[in-house]
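The values are calculated or read from the model by the stated rules, or taken from the named source; none is laboratory data. Note that the structure is a prediction, hence the values are computed from the model and not measured. Positions of Cβ are generated from backbone atoms using ideal geometry, with glycine treated the same way; all protein chains shown enter the neighbour counts.
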Amino acid sequence: MPLPYVLLSAAVSLDGYLDDTGPERLLLSSPADFDRVDDVRASVDAILVGAGTIRADDPRLLVSSAARRAARTAAGKAEYPLKVTVSATGELDPGARFWHTGGEKVLLTTDEGARRARALGVAADVVPLGAVLDWRAALEYLHDRRGVRRLMVEGGGTVHTQLLQQELADELQLVLAPLLVGDPDAPRLFGPGAYRRGRLRLVETRRIEDVVLTRYLPTAPGTGDRVTAADRHWLALACELAELCPPSRTAFSVGAVVVAADGSELARGYSREGGDAVVHAEEAALAKVDPADARLATATVYSSLEPCARRASRPAPCASLILDAGVRRVVTAWREPDTFVPGADGSGVLAAQGAAVVVLPEYEERAKAPNRHLEG
């Protein structure tokens, strides 16, 4: 199921703390960074914090700039993003500012938590998700029922930890403040537990007064049919590569990326790359990887179009090239239509040999875009 783009946002001290243990909130961001956060808030559909953050900080989570709110309404959006919190118990102060400022509010909770929150008189749309809280179910609800496409998560540490460990975070925006806390009882950004291996990809660093903003994207693919945020990033890249293809009236424009299990990019390619009029994207990418590379056995091939099962230009179709390389996981955006090959079923060829094939239809329109000239 499609999920919102989940952006984790946090500010930490040099030693990784979100706050100290004093009675007042420790201000880690600079005034200019607070304005940046306000701009990000104005750009999203919803802002989420955990119940612990409401209890500890009593945040309002507003868009402060009147100009940004006016721009939202001019674009047909609500003046404020939807405010969301998650609580298993439903034990929340109905007088908290969170409920009484801004626009619409949603509490995602358990069946028991919903009964408790309603009895307390919490001023929100109380949504029970079952006997236990499940993050994927929560995100599916926000996407499908509330139209949330971009979700900003502002804490706390437990929420950030769970979303990262469950590989549901698409981006981490981390601000590093020139402070040291040094209190082992103070809250930290990330807790212990099992995180997906592999390095995050650094996509931006920016100095903002005396703090530094860094933005990271996850890189490690999922396994089998389990989809991670990194799978979406890599497939988006494959769709971007398809836009580089020299146009053709007799072949699709396709992009492909080969990624190791730890998130290392092994190769990329696109149709008709390098002046080869008949090379396919997966073929171009795999040709750049040493066939003896042991990482291929656990790698994922991302292709904007389903790998071909038959082709006229060369004897080996891309589905066979992938299997021969030892790859057993493919993520694609678009099943091959009958434009050139009736009854194409590269996914079936791959699956018959034990490969997992994952289709993410939310990227289909992006994959089709460089091929619009072939329609009709």
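Numbers at a glance
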{"quantity": "Output for the stretch 261-290, where each listed residue is farther than 19 Å from Cys239 by Cβ, in a loop (DSSP other than H, G, I, E, B) and of a type outside the set (Val, Ile, Thr)", "calculated": "Ala261, Asp262, Ser264, Asp276, Ala277, Ala287, Lys288, Asp290"}
{"quantity": "Residue in the stretch 247-264 that is at positive phi, over 28 Å from the mean Cα position of the chain (by Cα) and of a type outside the set (Ser, Thr, Tyr) present", "calculated": "no"}
{"quantity": "Scope the stretch 180-231; condition under 23 Å from Asp35 (Cβ atoms), at pLDDT 95 or above and in a loop (DSSP other than H, G, I, E, B); matching residues", "calculated": "Glu209, Asp210"}
{"quantity": "Residue count for the stretch 209-238, restricted to those that are hydroxyl-bearing (Ser, Thr, Tyr) and more than 30 Å from Leu179 (Cβ to Cβ)", "calculated": "2"}
{"quantity": "Leu374 vs. criteria in contact with a strand residue (DSSP E or B) (Cβ under 8 Å, 6 or more places away or on another chain) and of a type in the set (A, V, I, L, M)", "calculated": "no"}
{"quantity": "Whichever residue in the stretch 89-114 is in a loop (DSSP other than H, G, I, E, B) and touching a Gly at 6+ places or on another chain (Cβ under 6 Å) and, among such residues, is farthest from Ser64 (Cα to Cα)", "calculated": "Thr89"}
{"quantity": "Any hit, the stretch 168-176, residues being in contact with a Phe, Trp or Tyr (Cβ under 9 Å, 6 or more places away or on another chain), more than 26 Å from Arg335 (Cβ to Cβ), surrounded by fewer than 16 Cβ atoms within 10 Å (Cβ to Cβ) and among the acidic types (Asp, Glu)", "calculated": "no"}
{"quantity": "Only one of Leu120, Leu62, Leu108, Leu82 that is within 28 Å of Glu24 (Cβ to Cβ), in the same structural domain as Ala32 (by TED's automatic domain parsing), crowded, with 18+ Cβ neighbours inside 10 Å and not hydroxyl-bearing (Ser, Thr, Tyr)", "calculated": "Leu62"}
{"quantity": "When residues of the stretch 346-375 are limited to those that are over 21 Å from Met1 (Cα atoms) and touching an Asp or Glu at 6+ places or on another chain (Cβ under 8 Å), the one surrounded by the most Cβ atoms within 10 Å (Cβ to Cβ)", "calculated": "Gly346"}
{"quantity": "Residue selected from the stretch 305-317 under the condition in contact with a Gly (Cβ under 8 Å, 6 or more places away or on another chain) and in contact (Cβ under 8 Å) with a residue 40 or more places away in the chain, by the criterion surrounded by the most Cβ atoms within 10 Å (Cβ to Cβ)", "calculated": "Pro307"}
{"quantity": "Selected residue [of a type in the set (A, V, I, L, M), in contact with a Lys or Arg (Cβ under 6 Å, 6 or more places away or on another chain) and touching a residue at least 60 places away in the same chain (Cβ under 8 Å)] from Leu213, Leu176, Leu151", "calculated": "Leu213"}
